[in-house]
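Notes to accompany the following structure.
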Amino acid sequence: MLEFLGLKEESSYCETDLENRIIDHLQEFLMEMGTVFTFVGRQVRFTFDEDYFRVDLVLYNRLLRCFVLIDLKTEKLKHQDLGQMQMYVNYYDRYEKTEDENPTIGILLCKEKNDAVVELTLPKDSNIYASKYELYLPDKKILQQKLKEWIAEETGGEEA
């Protein structure tokens, strides 16, 4: 949950607003991601074949020993977004990571996503993940219902 960012679900905001809020609250954001992340940069620019590209956020995971690239999307995730992240990950794997580091991970944080589009667009062994972000926790009753559903899935249909 990104409640600490102070954005309202019903208000309109752009990717720059979301990124600025994350940077303003970087410590809280990194703590939500886990304690093994270090911040490398925002809008990290790289040039490839005379074209310029920018990765929204670049982190490094000390435990996994790899770069983690984050792209923010305030609209529904499209297959083009996944292709763009694939290019970013390929670039980092080929030109930034060292031999002793593990493959780069790409994360797309989006307002909406279609799991079928993600599955069809990315190869099965991809290090790219798309996740829907929530600005606020849902209503308590919705959370309780979801918890019951997850428990039923894990226990093979038995009620908790």
Q: For the range 34-116, run through the GluC sites (Glu not before Pro) and keep only the ones in DSSP coil with at most 16 other Cβ atoms within 10 Å of their Cβ.
A: Glu50, Glu99, Glu101
**Q.** Stretchable slack from Asp24 to Asp115, in nm (0.36 nm times residue separation minus alpha-carbon distance)
**A.** 29.7 nm
Q) Using a simple spin-label model with points 7 Å from Cα along the Cα→Cβ vector, what separation in nm is obtained for Asp49 and Leu147? A) 5.2
Q: Under a cut-off of 29 Å between alpha-carbon atoms, report the lysines in cross-link reach of Lys73, not counting same-chain residues fewer than 8 places apart.
A: Lys8, Lys97, Lys111, Lys113, Lys124, Lys132, Lys140, Lys141, Lys146
Q: Treat each spin label as a single point 7 Å out from the Cα along the C-beta direction, and report the Val36 to Asn61 distance in nm.
A: 0.7
(Q) For the range 31-139, which trypsin sites (Lys or Arg not before Pro) pass both filters: DSSP loop (anything but H, G, I, E, B) and at most 14 other C-beta atoms within 10 Å? (A) Arg62, Arg65, Lys124
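Read-outs throughout are calculated quantities, based only on the coordinates presented, and are distinct from any laboratory measurement. Since this is a predicted model, take the numbers as computed values, not measurements. Every residue, glycine among them, receives a Cβ derived from its backbone with ideal geometry; neighbour counts consider all protein chains shown.
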